[in-house]
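**Q** The structure that follows is given in the form of structure tokens.
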Amino acid sequence: MPLPPDLRDYEWVNTTFGFEVPKLKVETAGQAIGIMGGTFDPVHYGHLVAAEAARHRFGLVTVVFVPAGCPPHKRGLVRTNPRERYRLTELATCSNPWFRVSPLEIDRPGCSYTIDTARAFRALYGPDARLYFITGADALLEIMTWYRVEELLNECQFIAVTRPGYGGDQLRAIIDEWPAAFVSRFHFLAIPGLAISSTEIRRRLGTGRPIKYLVPETVENYIREVGLYQTNA
Ligand code: NAP
């Protein structure tokens, strides 16, 4: 039986939970693709709002969340198992047909260098794709120390998400000192009024305070079911 026209636009994608979720089929050749990079420990509404704002503002045909396996600047410091952070990200994104999640970094052994991820996306989407790496402005403050940063800047542009009181002005001052060709690879995206952070969520969970309305309900349920973030660290 043929599918109704609106369902022909979707494909069913497997999750690690065993259920499938509908995602929009997109023509990616020559298009703008968002790579949402972060530790997501845990993922929260701030991340989701930022990804959706970036999608809308930069005309991204899809935003792929890439939970870091082992972020280079936090070696040995992230206590939550990458698989659990991945599953939380799956739960958070399953209702948005433009959002996908990639296990690329959690499956790759060693440090999660962004250049390796950008190259993998380049191989997947081809030479004409415009790749945008989306992350927090304060995560980018030390970008000049990132592995193979010049190659990375050639491979993708950056969307620096700013929240009230977080790194925007500082990052702007740093990149204004760079050659114009680098500066033009950065875009700022302000998300006012969303001062949610993973650190605050972990703190709340560790001290028995509520996280309702800070993360999707499915994410909260999973955290409580598995018993994540129960100690204050
Ligand atoms: P982080 O230092 O934990 O984050 C710094 C700030 O940015 C936090 O306030 C964080 O808020 C926020 N943030 C992180 N990801 C975000 C996102 N996608 N959208 C909006 N805000 C975000 O940074 P991280 O999450 O560990 O790392 C960010 C990305 O940079 C990762 O993909 C990591 O692998 C990459 N990175 C690469 C290198 C390298 O290649 N050498 C070095 C450093 C980082 P929350 O805590 O609420 O998320």
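**Q** Which is the longest part of the chain that has none of the GluC sites (Glu not before Pro) sitting in a DSSP loop with at most 13 other Cβ atoms within 10 Å? The partial results should precede the final answer.
**A** On the way: sites that count: Glu27, Glu142, Glu177.
The reported range is 28-141.
**Q** What ranking of Arg119, Arg8 emerges when the number of other C-beta atoms within 10 Å of each C-beta is taken as an exposure proxy, fewest first?
**A** Arg8, Arg119
**Q** Would you kindly compute the Cα radius of gyration of the chain and its largest Cα-Cα separation (Dmax), both in Å?
**A** Every Cα atom of the chain included, Rg and Dmax give 17.7, 60 Å.
**Q** Cut-off is 10 Å between beta-carbons; in what order do Lys212, Lys74, Lys23 appear when sorted fewest neighbours first?
**A** Listing Lys212, Lys74, Lys23 from fewest to most nearby Cβ atoms yields Lys212, Lys74, Lys23.
**Q** In addition: Please report, in debye to the nearest 20, how large the charge dipole of the chain is about its Cα centre when each Lys and Arg carries +1 at its beta carbon and each Asp and Glu carries -1 there.
**A** Dipole about the Cα centre, nearest 20: 480 debye.
**Q** Using Cα positions and a limit of under 29 Å, work out the lysines in reach of Lys212, with same-chain residues fewer than 8 apart set aside.
**A** Correct list for Lys212: Lys23, Lys74.
Every number in this text was worked out from the coordinates using simple rules, so none of it is lab data. Here the structure is a predicted model, which is why all the values come from computation and not from measurement. Reconstructed Cβ throughout: ideal geometry from the backbone, glycine too, with neighbour counts over all protein chains shown.
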